[in-house]
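Nothing in this text is a laboratory measurement; each read-out follows from the coordinates by a stated rule. If you're wondering where the values come from, they're calculated on a predicted model, not measured in any experiment. Please note: Cβ atoms are built from the backbone with ideal geometry, for glycine as well, and neighbour counts cover all protein chains shown.
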Amino acid sequence: MKWSPTLFLLMVLFFVAGCKKSEDLQDAEIISGSAEFAIPLFKASTSIEELLENFDEYTVIEVDADGVVHLRYVGDVLTQQAAEFFAETKAKLPFLIPLDSTYFALPFKQEGQLEVDFATYGEGIVYPAVICKYPDSVFLTMKILQAVKGNDTLTMHSKFLGPLGDPFPYFFDYDSVQTPGYNLIPNDGVIYVSYDARNKNGEPVDMEFVGLCSRNIDFSYIEGYLGNFTNRGKRDSISIDFFKNWVQGDVYFQNPVIKIHIINSFGLPTRSSIDTFDILTADGQRKKLESSFISDTGIDFAYPDLNSIGETRSMTFVFNADNSNIEDVLSSRPIALDYKVDAIMNPDSIAGLRGFITDSSYYKIQVEVDLPLYGRASGFVVTDTFNVDLSQFDEAEEVEFKMVADNGMPLGIDAQVYFIGENGVALDTLFENTKQVVASAPVDAQGIVTERISQITFTTFDSIRFDKVRPAKKLALVASFSTFDTGQQPVKALKGQGVEIRMGMKVKRK
């Protein structure tokens, strides 16, 4: 049987627990005369672990080395690829570069932004473009001298019959060279491009215009000073299921934390830039998690160096009471955490810093809220409603219900149940006043239960009161949870703590 706090209380209700028609009393014991029966309704037990099983798929229940139960709410794994950086680099490459001489120095750096020491081409092609007035055959050879694959320099060969391309350049894309696999090794930030044009006799030919064209050029690896670049993260939220039915009261967690798990394969210093990190509360407020690591310094990612290309580095950063206002915001009836984390590469813009990025570089971020069930609660009220059908109980003159709770958990429960009619109006309540149905087990100075405690609860309905609630279609449950000593002392919810409930009824038939 799976339990939740509201299901646990629902077991108190005789209507849902399995109350039998008066003519079906094979398990009853005759007490006095032929019209009074004692009927056992149920005997059930549950533990801390079972009470928590009904949380949603994003809630993880764990027990630490000290036996304390933790609720962990884990967000999605958000992955940011290097594609955005490479797309921006690609966008800066011009389609056509005029070559003003047969040996042309092509700058391959942007001062303060990008200084490439080594790169490997990914996709793309390169090819020449010319305007030539020479009226015969021309043989053109063009080389990117710093682009090599093994022992081969990237070389383009074209042959044409002039004149050609006047007044606009003629593009030799059919003589293009595929760039994947070529390494680009600039010489102090410069790439040299040469070309040689000759006639069929091997004599030099003057060209009116020569250009280097590139299309769909991409890189699979870049090493050097890669500038200051921001990877825009994705926005996500974590639902905190524990509080979804919270109405009122105070809950205080001892040492709650929010963890940020980071896996990173970008090969250079990277720092978080947290755009949003807000707690959403049950009464519609948005409260900011405040920390210098959010507003000021950021969180520095672990990263692989140039000797660890292709590897990843993992780390976990923890927001706790020492570096944030987490205890305040997680005691404000939170129902969700809304966050967005960007990442800044080379955040301090250190000019001499060398790093790398591959086309498969990425970082992953996952956020987790960890609530140890160690703390205190006072008047923590939850509500829920359940369907009910009482029409079958039409022969009872009086019903007395007895519940015995043997509790080994440091949690007491006061409850009231409303019988709701078809029009939504309350017909009556189960108890005359809100009533304690489970007493909290006592604890020591460390908040650990020292002994189990028993409590007996009686409720009696006469036929008139029972007829009043018979049309009910729903039961509305209002339950108030408090830890030992009405929430004055922090307590620990430990593995194995549990409660046993036995319930029966005496029925007098008409």
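Points worth noting:
- Remark: segment 294-425 carries a charge dipole of roughly 920 debye about the Cα centre, counting +1 on each Lys and Arg Cβ and -1 on each Asp and Glu Cβ.
- The local environment of Gln446, defined by Cβ-Cβ distances under 13 Å, has a net charge of -1 under the rule Lys, Arg +1 and Asp, Glu -1.
- Cut-off 11 Å between beta-carbons: net charge of the residues surrounding Val177, Lys and Arg +1, Asp and Glu -1: -1
- Residue pairs exceeding 30 angstrom between C-alpha atoms, taken from Lys287/Lys435; Lys90/Lys287; Lys435/Lys508; Lys92/Lys288; Lys90/Lys234: Lys287/Lys435; Lys90/Lys287; Lys92/Lys288.
- For Lys259, a cut-off of 12 angstrom between C-alpha atoms picks up these aspartates and glutamates, skipping any fewer than 8 places away in its own chain: Glu368, Asp370.
- Within segment 94-216: Cβ-based charge dipole about Cα centre, in debye rounded to nearest 20 (Lys, Arg +1; Asp, Glu -1): 280
- Sparsely packed GluC sites (Glu not before Pro) within segment 103-134, loop by DSSP, other Cβ within 10 Å at most 11: Glu111
- Comparing Val341, Thr383, Leu353 along the charge dipole axis of segment 332-488, the residue lying farthest to the positive side is Leu353, per the Cβ-charge model.
- Among Asn201, Asn216, Gly124 - extreme Cα towards positive end, dipole of segment 94-216, charges at beta-carbon: Asn201
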